[in-house]
Amino acid sequence: MKYRGWLTVAAAVAVLVITGMVMANNAPPPMTENLEWKGRIVVEFREALGPIRLTQNSGLMLTGDVGLDALAHQFNVHHIEKLIPFAEKPQDPAIRDISRYYILHFPFDTDLHEVAQAYALDPNVITAEPYMIRRADWVPNDPMYFSQWAMNTMHANLAFDYCQGSDTVIIGVVDSGIDTTHQDLRNNLWINPEEDLNGNGIIDPSDWDGQDNDGNSLVDDFWGWNFWQGNNDVQDNQPQGGHGTHCSGLASGVTNNGMGIASLACKTKILTSRCGDGEFVYSWTSGVAYAAGEGAHIISMSFGGTGSSGYEQSIINNAYSQGAALFASAGNTGQYEIRYPSGYDNVVSVAASNSGDHKAGFSTYAPTVDVAAPGEGILSTVPYSYTSFSGTSMSTPIAASLAAQIWAARPAWTNTQVIQQIYDTCVPIDVTGYAWSGFLGHGRIDAGAAITALFPTLSFTETTFQEVTGNGDTRIDPGETWKLLITVNNSSRTVAANGVVVDLTCNNTNVSFSQGTCNLGSIGTQSSQNNATSPFTFSVDAGAPPFEATFTLSMNETTLMFPITQNLLQMVGVPDVLLVDDDGGVNWQVWYEMDLDSLAIVYDYWNVSTQGEVDFEIIQPYSKVIWHTSTEQNPLTENELAAIGSYINSTGCLFLTGQNIDEQLDSSAAYGDVLHASAAGLTPAPMVFGVDGDPISSGTSMMLAGAGGAGNAGSSATINAVNDAVLIYNYGSTSGPGAGLRWDHQTGGLVYLAFNFEASSGLPGYTNRRIVLQNIFDWFDSLVLAAPTVSEPVLPADYALDQNYPNPFNPGTEITFSLPKAERVKLSVFDLSGRLVATLVNGQMPAGRHTAAFQAPDLASGVYLYRLETGAMQLTRKMVLLK
């Protein structure tokens with residue numbers, strides 16, 4: 001070989017795009033409130049359609065099938081792609097074929113449900129569904145992550161679930177140096193252990209001793225070496241610099257640190273061989289030899305030139321024989337050309353792909369190219385900042401980072417095995433008919449495919465709570481013992497799971513486990529295992545107050561680098577508060593959930609749209625009920641009004657709010673009898689003001705508009721307070737028309753707001769919604785405290801179940817019973833055949849005399865039984881319904 005001269009070997013520097021900091025496009029894709037990706041659906045094509053051969057025609061993506069192509073024209077389907085790019089038809093017919101799922105792209109403003117329904121009717125389509133967006137299990141919190149399109153293209157989030165690199169793996173970056181102070185790099189710098197004299201992993205002033213402590217003839221080579229200038233200054237500080245820092249960020253930028261960018265092998269250490277100034281590379285062979293000698297597993301070389309050299313190949317061979325995997329940029333000429341060092345044997349040559357998942361226009365192509373990796377508009381680190389570069393220079397450290405990620409997952413593998421894993425999981429991006437067709441090697445790298453193929457794919461497919469000892473209902477209560485049955489599935493077709501162990505924990509100390517670990521052992525491919533023979537078992541302390549428990553399943557397996565976790569939320573006991581969501585399924589309840597959570601109030605939830613109308617039996621166990629109807633028309637049924645009347649006239653406290661209740665009930669006697677209100681018209685006023693001296697509203701005001709609220713207030717109803725109720729809020733001013741009222745009788749009470757409480761925004765100058773809600777709850781509590789009591793009450797000496805009164809009755813009656821001690825009680829009504837008609841009480845009750853109301857508007861005349869049960873006794877009496 002003839003001598004070519006160092007200065008002809010130019011760095012494959014970034015071309016085309018230097019955009020500055022890319023901070024703007026961090027937003028997620030457009031989606032519906034149900035997390036459906038707008039402009040996309042997923043269809044499953046029938047096998048009878050044959051191989052899917054896609055063609056572009058006038059901006060539309062066509063399949064060649066008349067019916068499907070007609071739909072493409074109708075809905076402007078401009079792109080079609082496989083849902084799982086690497087999926088193939090399984091050889092075993094018992095395994096579900098997922099290779100025929102495709103994503104269809106169409107304009108965002110097209111009704112995706114209309115598109116799905118139309119495709120579902122086509123005879124060549126099995127299913128057509130919205131493309132659902134899920135929250136992943138591990139996504140970096142780096143603010144620029146969503147600007148890194150390459151991560152999505154390579155399915156990095158799938159890889160992150162299994163492996164995020166390892167600090168035992170080293171990438172040698174042979175380039176223009178590195179910014180050792182960069183916030184997204186400094187924690188991933190390789191530190192020469194023999195030059196770190198005190199072994200603390202930090203280069204302290206005392207480490208600068210001017211000695212060659214590791215005997216490699218290089219003095220104080222802490223982070224690497226500057227082979228260009230012959231010293232230990234590896235800083236990327238030349239005017240034309242930044243290239244090496246950019247490549248280092250792609251190789252192993254610190255990830256999930258709440259700042260900057262993310263990288264694939266984000267825990268890998270970066271060894272720096274500074275061999276040039278950012279434009280030219282002068283001494284890369286020394287840099288490669290140094291990196292290999294210091295134990296680098298991977299070496300990244302983002303430079304190249306024409307012409308080959310025998311000694312360069314020898315250096316490459318030497319590094320490879322030491323176990324290093326070498327990656328080099330294919331070049332940025334945009335044409336057919338073999339460049340070096342990427343063209344040498346034992347080097348992985350990396351071309352560049354673009355965001356359309358094709359070859360980038362500037363990328364060189366050749367028979368020596370082995371893979372492609374994202375290289376256009378790639379965001380990464382530069383000294384003191386971030387920017388986007390384009391070039392095969394960017395593609396190379398990305399591919400090298402994937403190698404480091406694989407090596408972390410399989411530390412015993414050789415360089416040959418690691419490289420082959422990349423090849424085996426590449427996605428073909430060739431397009432026939434182009435000059436570069438067939439010259440992109442194995443295809444574009446796919447981190448998700450490369451990493452997930454190394455591990456079993458485990459998931460919890462069943463989690464079932466079952467009562468062991470308790471009262472027989474479906475709720476976990478204090479004093480009870482329960483078990484949890486789980487099923488774990490391994491959906492991998494190639495990797496069996498071994499040593500599967502699952503632990504169950506709870507975030508509340510009132511829960512104790514007698515069996516908190518289960519050993520599921522081995523789970524074969526496409527198989528499941530359960531813990532039916534050794535279920536998790538736990539008990540709840542008998543004196544525990546109601547609480548929401550988070551049970552956490554944590555699964556480990558021999559090869560998994562991180563546990564697989566799943567949280568299970570369970571309400572334990574009956575809380576004081578029930579939230580009734582009666583908005584017609586519009587999801588306005590989120591504002592109440594947010595307020596209750598912020599006040600640390602534990603509550604149950606009832607959705608009228610999915611669970612049905614509310615009766616007295618549902619709300620009776622709760623001391624407080626929030627019932628919002630929001631924008632729903634005619635929200636309250638006759639049965640619900642009857643339940644509300646029974647509830648607030650016993651011991652219940654109800655907060656009822658909604659702007660259309662008045663319109664529904666303005667001519668109904670129940671409006672005054674039950675809600676203690678009468679209609680007074682409508683008002684457009686968006687402000688309400690409290691009444692001086694009122695225990696709830698004094699000193700408060702609410703703005704029913706603005707970003708801090710639901711923004712759903714229309715023309716709200718004005719009301720009068722009747723039947724001993726008093727106004728607590730007025731529209732427009734403290735003396736304006738009535739907006740809300742309160743009413744009470746001893747231990748029961750009502751707060752009724754004739755507007756949408758969730759619309760209150762808490763804008764400056766107005767009261768925060770949570771303060772008003774707390775005031776309402778405080779007033780409810782005061783009713784209980786102020787209830788008339790007898791000094792030193794005499795507790796019943798024994799259990800008693802009184803005759804109901806009135807009897808016979810139509811349709812309502814009351815049942816009184818006595819308890820000598822506090823305990824769990826159940827009061828039920830049965831017909832003579834033994835069929836359960838109603839459960840009036842089911843929960844913990846204090847000692848004393850208690851009364852429960854029973855309403856039977858829908859029952860036939862006849863004799864009924866009512867039964868009082870505790871853990872130690874049972875009493876039964878008869879009553880007569882006479883209509």
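Values quoted throughout were computed directly from the atomic coordinates according to the rules given, and no laboratory measurement underlies them. Here the structure is a predicted model, which means the values were calculated and not measured. Positions of Cβ are backbone-derived with ideal geometry, glycine not excepted, and every protein chain shown enters the neighbour counts.
For region 458-572, what is the convex hull volume of its Cα atoms per residue in Å³?
It is 92 Å³ per residue.
For Asp204 and Tyr384, calculate 0.36 nm times their separation in residues minus their Cα-Cα distance, and state this gained length in nm to one decimal.
Contour length minus the Cα-Cα distance gives 62.6 nm.
If you fit an axis through the alpha-carbon atoms of helix 589-598 and take the longest principal axis of the Cα set of the chain, what angle between them do you get, 0 to 90°, nearest 10?
On a 0 to 90 degree scale, this one is about 80.
Return the sequence-ordered ³J(HN,Hα) values of region 759-776 in whole Hz as given by the Karplus equation 6.51 cos²θ - 1.76 cosθ + 1.60 applied to θ = phi - 60°, using x for Gly and Pro.
6, 5, 9, x, 4, x, x, 10, 7, 5, 4, 5, 5, 5, 4, 5, 4, 4
I need to check one value: relative contact order of region 36-132, counting alpha carbon pairs closer than 8 Å and at least 6 residues apart, in percent.
Dividing the mean separation by the residue count of region 36-132 yields 44 percent.
Any idea what the relative contact order of region 517-668 is, in percent, if you count C-alpha pairs under 8 Å spaced at least 6 apart?
18
For Thr474 and Asp724, FRET efficiency with R0 = 35 Å and r from the beta-carbon atoms, rounded to 0.05?
FRET efficiency, Asp724 to Thr474: 0.35.
Roughly how compact is region 800-881, stated as its Cα Rg over 2.2 N^0.38 Å to two decimals?
Expressed relative to 2.2 N^0.38 Å, the Cα Rg reads 1.04.
From the backbone phi of region 230-237, what are the Karplus-calculated ³J(HN,Hα) couplings (6.51 cos²θ - 1.76 cosθ + 1.60, θ = phi - 60°) in whole Hz, Gly and Pro given as x?
Karplus values, whole Hz, x for Gly and Pro: x, 8, 9, 7, 9, 5, 8, 10.
Ranked highest first by the average count of other Cβ atoms within 10 Å around their residues, in what order do 508-514, 208-214 fall?
In descending order of packing, they fall as 508-514, 208-214.
Taking R0 as 25 Å, what's the FRET efficiency between Ala800 and Gln746 from their Cβ-Cβ distance, rounded to 0.05?
It comes to 0.65.
How high is the relative contact order of the chain, in percent, counting Cα pairs under 8 Å that sit 6 or more residues apart?
Across the chain, relative contact order equals 7 percent.
Kindly provide log₁₀ I(q)/I(0) values, in the same order as q = 0.11, 0.20, 0.21, 0.22 Å⁻¹, from the Debye equation applied to equal alpha-carbon scatterers of region 559-674.
Taken in order of the listed q values, log10 I(q)/I(0) reads -0.41, -1.15, -1.25, -1.35.
I need the per residue convex hull volume for region 602-749, using only the alpha carbons, in cubic angstrom as a whole number.
Normalising the Cα hull of region 602-749 by residue number yields 127 Å³.
When we measure straight from the Cα of Lys878, which aspartates and glutamates land under 18 angstrom away, once same-chain ones fewer than 8 places off are left out?
Qualifying aspartates and glutamates at Cα under 18 Å: Asp802, Glu814, Asp831, Glu869.
Applying a 10 Å radius around every beta-carbon, put 354-364, 448-458 in order of their mean neighbour count, most first.
Per-residue Cβ counts within 10 Å, averaged per peptide and sorted highest first, yield 448-458, 354-364.
Calculate, axis by axis, the spread of Cα positions in region 677-830 along the three principal axes, and write the results as whole Å, longest axis first.
58, 35, 26
Calculate how many DSSP beta bridges within region 800-881 are antiparallel, expressed in % of all such bridges and rounded to the nearest 5.
The antiparallel fraction comes to roughly 95 percent.
Hey, could you grab the Kirkwood Rh for region 368-509? Inverse mean 1/r over distinct alpha carbon pairs, Å, one decimal.
Answer for region 368-509: a Kirkwood hydrodynamic radius of 19.7 Å.
Any idea how far the Cα center of region 628-684 sits from the one of region 400-439, in Å?
Measuring centre to centre over Cα atoms gives 66 Å.
List residues of region 750-768, by number, whose backbone nitrogen lies under 16 Å from a label position 7 Å along Cα→C-beta of Ser715.
755-756
Among Ile626, Ile618, Ile171, which comes first, then next, by fewest other beta-carbon atoms within 10 Å?
The fewest-first ordering by Cβ neighbours comes to Ile618, Ile626, Ile171.
Considering only the chain, what is the antiparallel percent among its DSSP beta bridges, to the nearest 5?
70
Compute from the Cα atoms of region 508-584 the Rg and the Dmax, the latter being the longest Cα-Cα distance, and quote both in angstrom.
Both quantities, over Cα of region 508-584: 17.1, 49 Å.
What is the calculated FRET efficiency for Asp345 to Thr464, with r their C-beta to C-beta distance and R₀ = 51 Å, to the nearest 0.05?
0.30
Semi-axes of the chain's equivalent ellipsoid from the Cα gyration tensor, sqrt of 5 times each eigenvalue, largest first, rounded to whole Å?
Listed largest to smallest, the semi-axes of the chain are 67, 31, 29 Å.
Rounded to whole Å and sorted largest first, list the principal axis extents of the Cα atoms in region 579-642.
Principal-axis extents of the Cα atoms in region 579-642, largest first: 34, 26, 16 Å.
What whole-number volume per residue, in cubic angstrom, does the convex hull of the C-alpha atoms of region 649-705 give?
Roughly 118 Å³ of hull volume per residue.
What does the charge add up to near His105, with Lys and Arg as +1, Asp and Glu as -1, over the other residues with Cβ less than 12 Å from its Cβ?
Neighbourhood net charge equals +1.
What base-10 log of the normalised intensity I(q)/I(0) is obtained for region 287-398 from the Debye formula, alpha carbons as equal point scatterers, at q = 0.17, 0.18 Å⁻¹?
Normalising to I(0) and taking log10 leaves -0.78, -0.85.
Return the distance in nm (one decimal) between the two label points of a simple spin-label model at Ala860 and Asn187, each offset 7 Å from Cα along Cα→Cβ.
7.2
Taking the highest mean first, how do the peptides 423-435, 60-72 order by number of other beta carbon atoms within 10 angstrom per residue?
60-72, 423-435
Can you work out ³J(HN,Hα) from phi for every residue in region 198-212, in order, using Karplus 6.51 cos²θ - 1.76 cosθ + 1.60 and θ = phi - 60°, giving whole Hz and x for Gly and Pro?
Ordered by residue, 3J(HN,Hα) equals 9, x, 8, x, 10, 7, 8, x, 5, 6, 7, 9, x, 10, 8 Hz.
From the gyration tensor of the Cα coordinates in region 145-452, what semi-axes in whole Å does the equivalent ellipsoid have, largest first, with each one equal to sqrt(5λ)?
Each semi-axis is the square root of five times an eigenvalue, giving 29, 21, 18 Å.
Just the number, please: percent antiparallel of the DSSP beta bridges in region 577-786, rounded to the nearest 5.
50
Treat each spin label as a single point 7 Å out from the Cα along the C-beta direction, and report the Arg877 to Gln56 distance in nm.
8.3
Hey, could you grab the Kirkwood Rh for region 36-132? Inverse mean 1/r over distinct alpha carbon pairs, Å, one decimal.
Computed over Cα pairs of region 36-132, the Kirkwood hydrodynamic radius comes out at 13.6 Å.
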